[in-house]
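Right, one structure below, let's go through it.
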Amino acid sequence: MTDLGSREISGYGVLDLMLTLVIASLLAALAVPAYNGFVDKGKNAKAIGDIGSISVQIESFRLRSNDRIPVNLNELPGEVPLDPWGNPYSFLNIKVAGPGAGGLRKDGKLNPLNTDFDLFSMGSDGDSKDPLSAKASRDDIVRANNGDFIGLGEHY
């Protein structure tokens with residue numbers, strides 16, 4: 001006769017595996033949103049840096065060209081990068097467009113953000129509206145106050 005009480009049982013039971021799976025799922029549920037938040041912050045920081053760098057290129061062009069702002073970004077030397085979401089940066093030479101031109105970026109009080117040129121990224125949703133108070137513009141990375149502010153539209 002076999003004594004079942006004296007046999008050693010090795011391995012994991014179904015309850016042990018279920019408990020491990022629940023713990024791993026909880027950790028993943030906490031880690032994935034935190035990771036996505038870090039990725040979003042990194043992309044925003046890259047866009048802010050790109051806009052700052054492109055602004056410096058525009059000012060350098062302006063110095064070399066008798067205070068003329070380029071009509072579009074293709075006039076700048078070198079290749080202008082895409083934003084971190086794969087879209088081209090939006091640019092508008094306000095002096096060339098003329099006063100009252102459509103497409104000028106505006107703050108919540110509908111005042112133009114810049115008087116020289118507008119430069120911005122449409123952000124993660126790839127959509128943008130002229131006033132920063134619009135929902136589609138809150139994630140935009142904008143240049144405002146003629147370069148004194150570069151950051152998220154919702155922070156301006």
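The values are calculated or read from the model by the stated rules, or taken from the named source; none is laboratory data. These numbers come from a predicted model, not from an experiment. Cβ sites come from the backbone with ideal geometry, for glycine too, and all protein chains shown count toward neighbours.
The one condition from (1) among the hydrophobic types (A, V, I, L, M, F, W, C); (2) surrounded by 10 or more Cβ atoms within 10 Å (Cβ to Cβ); (3) over 18 Å from Asp148 (Cα atoms) that Val56 does not meet is (3). Figure legend. Inter-residue proximity from the stretch 88-111: first residues over 19 Å from Ser137 (Cβ atoms), second residues part of a loop (DSSP other than H, G, I, E, B) and modelled with pLDDT of 85 or more, beta-carbon distance below 7 Å, spacing 6+ or different chains. Indicated pairs: Asn93/Ile69; Asn93/Pro70; Asn93/Val71; Lys95/Ile69; Val96/Val71. When the stretch 79-96 is filtered for residues that are over 27 Å from Asn111 (Cβ atoms) and among the aliphatic types (A, V, I, L, M), the ones remaining, listed by number, are Val80, Leu82.
Cβ separations smaller than 9 Å between residues 6+ apart or across chains give the following pairs from the stretch 121-146 residues that are under 19 Å from Asp40 (Cβ atoms) to residues that are assigned to a strand (DSSP E or B) and β-branched (Val, Ile, Thr): Ser121/Ile141; Ser121/Val142; Met122/Ile141; Gly123/Ile141; Leu132/Val142; Ile141/Ile150; Val142/Ile150.
Every residue in the stretch 86-112 that is at pLDDT 90 or above and either buried (at least 19 other Cβ atoms within 10 Å of the Cβ) or within 17 Å of Arg62 (Cβ to Cβ) (or both), please. I'd like the intermediate steps shown before the answer.
Of the residues in the stretch 86-112, the ones at pLDDT 90 or above are 86-93.
Tyr89, Phe91, Leu92, Asn93, listed by residue number.
Here the condition is being hydroxyl-bearing (Ser, Thr, Tyr) and closer than 20 Å to His155 by Cα; of Ser121, Ser65, it holds for Ser121 alone. Does Leu82 satisfy the condition of being among the aliphatic types (A, V, I, L, M) and crowded, with 19+ Cβ neighbours inside 10 Å? Considered against the rule, which asks whether it is among the aliphatic types (A, V, I, L, M) and crowded, with 19+ Cβ neighbours inside 10 Å, Leu82 comes out as no.
Restricting attention to the stretch 113-135, the residues that are surrounded by fewer than 17 Cβ atoms within 10 Å (Cβ to Cβ) and among the aliphatic types (A, V, I, L, M) add up to 1.
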